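Presented below is the structure to which this report refers.
The values are calculated or read from the model by the stated rules, or taken from the named source; none is laboratory data. Note that this is a predicted model, so its numbers are computed, not measured. Don't worry about glycine lacking a Cβ; one is built from the backbone with ideal geometry, like all the others, and counts go over all protein chains shown. These area figures cover heavy atoms from the full protein model, side chains too; ligands, DNA and RNA do not enter into them. Shrake-Rupley method; radii C 1.70, N 1.55, O 1.52, S 1.80 Å.
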Amino acid sequence: MKKVILCAAIVLGAAAANAQVTVQGSKFTDNWSFGLKGGMVTPMTHHAFWGEARGIAGVELQKQIIPSFGIGLEAEASVNTSSWYNGTKSWTAFDHSYIGIYGAINLMNAFGGYKGEPRVFETELIAGTGWIHSYNQHGYPISAGWQGNSWGNKLGLNLNFNLGAQKAWTLSIKPSILWNMGAKPKYYASNIDSYSARYNANAAVVELLAGVTYHFGNSNGTHSFVLSRLYDQDLVNDLNSQVNSLRNDLENCNANTNALNAKAKSLQEELDACNRRPPVVKEVNTNLNNVNYIFFNLGSSYIQANQKPNLELISNALNQNAGSTLEIKGYASPEGSKAFNQRLSTRRAETVKNALVKNYKIDASRISTEGMGVGDVFNVRGWNRVAVCTVNVKK
């Protein structure tokens, strides 16, 4: 029996260590359960195991302290069907009753760790002590076994099957041994009678029960413990520093937002003032005869032969008006990248200028060029591979 107690102590130590890293914050009102149980009880020795078995029923109230350890209170009574000792029957409907406290060690959680919810199958080691009362014929002394008031120790297992999505219900098989520690001298009496109490099979019974247990709801919204992640202080300090930094960034953003709102308000006021001004009508005289077009092939800035008549028209207009100037704007169609089309449109405008200066002897100072990138002069995409030449006639 000492070995059993030693093993229980080791298991409790492992359970306590395991609890430090799995859950925290369980309230007193959390992790309570209530169970009903029933089955058979029979003496361990000197009687037919099945032949002298009788019915037994009981209730349990348990509080789970940590996932691997709980404490509980139980009460049970056996039904009077036959006598175990000297043919003497109980004088009531019951043979004996037992009320005791116990500790329950969940071996799965103690050695395998708690996974955040109960497993489908778990094993508990049960050890307890309590008060035994035997219901003898009134005033009739019994020389052995259960008699009167005594105390007992219990050791057993709970083979638990946890059911449902939230594991709120448990079905259990409960084998155990109950020792009568206060038996008379023939069966190793307790120290009440100047003898030492012993764990003796002659003063013990075997209980084989089945039970159903309901686990009450907890403040965390489940019927069991929940895992809690633990942080070290350095990590907490680092997170606090990040939070403070983000708060400062938020304050700066709010300040910038206020400044932008003030600027937007000022611009809106200026816009409103502009809208209130009377419109200025400017007469524009556009003479389309002064506009000519030089078209190019895809991706090219080379002037084709069929475009040379347009160059002659431009040179004639400039020669006929000595003070006139020429504005050349090059365009490209949207094929290719933006940077490529910008360079291409510039080359097209420069190519037209160079042709007028070289071939038609137009003074370069009279000509300005500009690359416009992708153009939208014409609805037809291919027509926008063009240089638009505008002659500005001096009046």
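For ASP272, work out the one condition from (1) in contact (Cβ under 8 Å) with a residue 12 or more places away in the chain; (2) open to solvent by 50 Å² or more (accessible area, probe 1.4 Å); (3) more than 23 Å from ASN392 (Cβ to Cβ) it doesn't fulfil.
(1)
Looking only at segment 213-222, filter to residues that are of a type outside the set (Gly, Ala, Ser) and farther than 20 Å from GLU122 by Cα; which one of those is modelled with the lowest pLDDT?
ASN220
Any residue at all in segment 223-237 that is open to solvent by 30 Å² or more (accessible area, probe 1.4 Å), closer than 29 Å to ASN158 by Cα, at pLDDT below 80 and in a loop (DSSP other than H, G, I, E, B)?
Yes, because at least one residue in segment 223-237 is open to solvent by 30 Å² or more (accessible area, probe 1.4 Å), closer than 29 Å to ASN158 by Cα, at pLDDT below 80 and in a loop (DSSP other than H, G, I, E, B).
For segment 81-103, indicate whether the set of residues that are at pLDDT 80 or above and not in a strand (DSSP E or B) is non-empty.
The answer is no; no qualifying residue exists.
List every residue pair whose Cβ atoms lie under 6 Å apart, where the two residues are 6 or more positions apart in sequence or sit on different chains, the first residue falls within segment 199-221 and is under 19 Å from PHE34 (Cβ atoms), and the second residue, located anywhere, is among the charged types (D, E, K, R) and open to solvent by 60 Å² or more (accessible area, probe 1.4 Å).
Close Cβ pairs (under 6 Å, with a partner that is among the charged types (D, E, K, R) and open to solvent by 60 Å² or more (accessible area, probe 1.4 Å)) amount to SER219/LYS27.
Going through segment 277-314 one residue at a time, which ones are among the hydroxyl-bearing types (Ser, Thr, Tyr), modelled with pLDDT of 90 or more and surrounded by fewer than 13 Cβ atoms within 10 Å (Cβ to Cβ)?
Of everything in segment 277-314, just one residue is among the hydroxyl-bearing types (Ser, Thr, Tyr), modelled with pLDDT of 90 or more and surrounded by fewer than 13 Cβ atoms within 10 Å (Cβ to Cβ), namely TYR302.
Take the residues of segment 173-208 that are open to solvent by less than 20 Å² (accessible area, probe 1.4 Å) and of a type in the set (A, V, I, L, M, F, W, C): which is modelled with the highest pLDDT?
Out of the qualifying residues, it is LEU178.
Right, ALA339: of a type in the set (A, V, I, L, M, F, W, C) and either closer than 10 Å to ILE328 by Cα or part of a strand (DSSP E or B) (or both) or not? Write out each step before concluding.
Working: of a type in the set (A, V, I, L, M, F, W, C): yes; either closer than 10 Å to ILE328 by Cα or part of a strand (DSSP E or B) (or both): no.
Spelling it out, it is not the case that ALA339 is of a type in the set (A, V, I, L, M, F, W, C) and either closer than 10 Å to ILE328 by Cα or part of a strand (DSSP E or B) (or both).
If we keep just the residues of segment 370-395 that are under 15 Å from SER324 (Cα atoms) and in contact (Cβ under 8 Å) with a residue 40 or more places away in the chain, which is most open to solvent (accessible area, probe 1.4 Å)? Full working, then the answer.
Initially, segment 370-395 is screened for residues under 15 Å from SER324 (Cα atoms), giving 389-395.
Next cut, in contact (Cβ under 8 Å) with a residue 40 or more places away in the chain only: 389-394.
On the way: CYS389: 0, THR390: 36, VAL391: 5, ASN392: 70, VAL393: 62, LYS394: 152 Å².
Filtering first and then ranking leaves LYS394.
Which residue pairs have Cβ atoms closer than 9 Å, lie 6 or more positions apart in sequence or on different chains, and pair a first residue in segment 27-41 that is in contact (Cβ under 8 Å) with a residue 12 or more places away in the chain with a second residue that is open to solvent by 100 Å² or more (accessible area, probe 1.4 Å)?
Here the result reads MET40/TRP50, each pair linking segment 27-41 to a residue that is open to solvent by 100 Å² or more (accessible area, probe 1.4 Å).
For segment 315-345, what are the residues that are free of Cβ contacts under 8 Å to residues at least 40 places away in the same chain, buried (at least 19 other Cβ atoms within 10 Å of the Cβ) and over 11 Å from VAL386 (Cα atoms)?
ASN341
Okay, residues lined up against (1) of a type outside the set (A, V, I, L, M); (2) modelled with pLDDT of 50 or more; (3) part of a loop (DSSP other than H, G, I, E, B); (4) over 24 Å from HIS223 (Cβ atoms):
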residue	(1), (2), (3), (4)
ALA8	no, yes, no, yes
GLN24	yes, yes, yes, no
PHE28	yes, yes, yes, no
GLY35	yes, yes, no, no
HIS47	yes, yes, yes, yes
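Here's a check for you: in segment 351-363, which residue that is in contact (Cβ under 8 Å) with a residue 40 or more places away in the chain and touching a strand residue (DSSP E or B) at 6+ places or on another chain (Cβ under 8 Å) is most open to solvent (accessible area, probe 1.4 Å)?
Across segment 351-363, the extreme among qualifying residues is THR351.
Is it the case, given these coordinates, that TYR135 is modelled with pLDDT of 80 or more, buried (at least 19 other Cβ atoms within 10 Å of the Cβ) and among the hydroxyl-bearing types (Ser, Thr, Tyr)?
For TYR135, the condition - modelled with pLDDT of 80 or more, buried (at least 19 other Cβ atoms within 10 Å of the Cβ) and among the hydroxyl-bearing types (Ser, Thr, Tyr) - is not met.
State whether the residues of segment 50-62 include one that is of a type in the set (A, V, I, L, M), modelled with pLDDT of 65 or more, part of a loop (DSSP other than H, G, I, E, B) and exposed (fewer than 13 other Cβ atoms within 10 Å of the Cβ).
no
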